[in-house]
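Peer 1: Before I ask anything, let me first share the structure, which is written out below as structure tokens.
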Amino acid sequence: MTLPDPARPKRPRRSFGLDLLGLLAWLALVFIVAGLGGWATSVSVGDWYPTLARPPLNPPDAVFGPVWSVLFGLMGLAAWHVWRRAGLTGAPVALGLFLAQLALNLGWSVLFFGLQRPDLALIEILILWPLILATLVAFWRIDRIAGVLLVPYLLWVAFAIYLNAGIVWLN
């Protein structure tokens, strides 16, 4: 027999319907942010962005949409796992970090594409990455699956730092 880990909150009892509603709410939140970021991106992705010199290893433009869709889905699932395990009141720091990084994620699209300021976007993404890491660690402490679900996002944003820095350097 194993003893419960006091550091990890026990999952509150909820109905299937409430769990499903929670999942839909977290997914809706992240995809609303994704949609807003997509709108900010659409402002200049067709005319300004193609004129930029890009670093080696820059993927084809068609890769970004599917990758970000998967990453946003994973983010929503991760937040849902934490919410399911601890609830809003049981994980205020973890979910607060999640919301903060989500806002910065949107901010990057606004700075880079909306305002066409890769230099400011680079500064912002250098703040975003450690915030994602802090969110991942906070999620991991509550629900390991939630932490694992954020790993691809953390890695992709590290790659995005390389791409953003390369665009700043080359332009």
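Peer 1: So, in the stretch 119-132, how many residues would count as being free of Cβ contacts under 8 Å to residues at least 12 places away in the same chain and surrounded by fewer than 16 Cβ atoms within 10 Å (Cβ to Cβ)? Break it down stepwise before answering.
Peer 2: Of all residues in the stretch 119-132, those free of Cβ contacts under 8 Å to residues at least 12 places away in the same chain come to 120, 123, 130.
Still in the list and also surrounded by fewer than 16 Cβ atoms within 10 Å (Cβ to Cβ): 123, 130.
Matching residues across the stretch 119-132 total 2.
Peer 1: Could you please give the count of residues in the stretch 12-33 that are at pLDDT below 95 and closer than 15 Å to ALA103 by Cα?
Peer 2: Residues flagged as at pLDDT below 95 and closer than 15 Å to ALA103 by Cα within the stretch 12-33 amount to 0.
Peer 1: Counting just the residues of the stretch 43-60 that are free of Cβ contacts under 8 Å to residues at least 12 places away in the same chain and assigned to a helix (DSSP H, G or I), which one comes out nearest to the chain's Cα centre (by Cα)?
Peer 2: Ranking the candidates gives PRO50 first.
Peer 1: Here's something else I'd like to know. Going residue by residue through the stretch 133-140, is there one that turns out to be crowded, with 22+ Cβ neighbours inside 10 Å, touching a His at 6+ places or on another chain (Cβ under 9 Å) and assigned to a helix (DSSP H, G or I)?
Peer 2: yes
Peer 1: Let me ask something additional. Of all residues in the stretch 87-101, which are surrounded by fewer than 22 Cβ atoms within 10 Å (Cβ to Cβ) and either within 23 Å of GLY65 (Cα to Cα) or hydrophobic (A, V, I, L, M, F, W, C) (or both)?
Peer 2: Of all residues in the stretch 87-101, those surrounded by fewer than 22 Cβ atoms within 10 Å (Cβ to Cβ) come to 87-90, 92-93, 96-97, 99-100.
Hits for the stretch 87-101 are LEU88, VAL93, LEU97, LEU99, ALA100.
Peer 1: Shifting gears a bit: Working only within the stretch 135-147, note down all residues that are aliphatic (A, V, I, L, M), more than 12 Å from the chain's Cα centre (by Cα) and within 18 Å of ASN105 (Cβ to Cβ).
Peer 2: VAL137, ALA138, ALA146
Peer 1: Scanning for something more than 19 Å from LEU27 (Cα to Cα) and touching a residue at least 60 places away in the same chain (Cβ under 8 Å), does the stretch 79-101 turn up at least one residue?
Peer 2: Yes: one or more hits.
Peer 1: Same structure again: Tell me, yes or no, whether the stretch 57-69 has at least one residue that is modelled with pLDDT of 95 or more and under 17 Å from ASN171 (Cβ atoms).
Peer 2: yes
Peer 1: Which of the residues spanning the stretch 139-158 are under 19 Å from LEU88 (Cβ atoms) and without any contact (Cβ under 8 Å) to a residue 24 or more places away in the chain?
Peer 2: Of everything in the stretch 139-158, just one residue is under 19 Å from LEU88 (Cβ atoms) and without any contact (Cβ under 8 Å) to a residue 24 or more places away in the chain, namely TRP140.
The values are calculated or read from the model by the stated rules, or taken from the named source; none is laboratory data. No experiment lies behind these values; they were computed from the predicted model shown. Neighbour counts run over all protein chains shown; Cβ positions are idealised from the backbone, glycine included.
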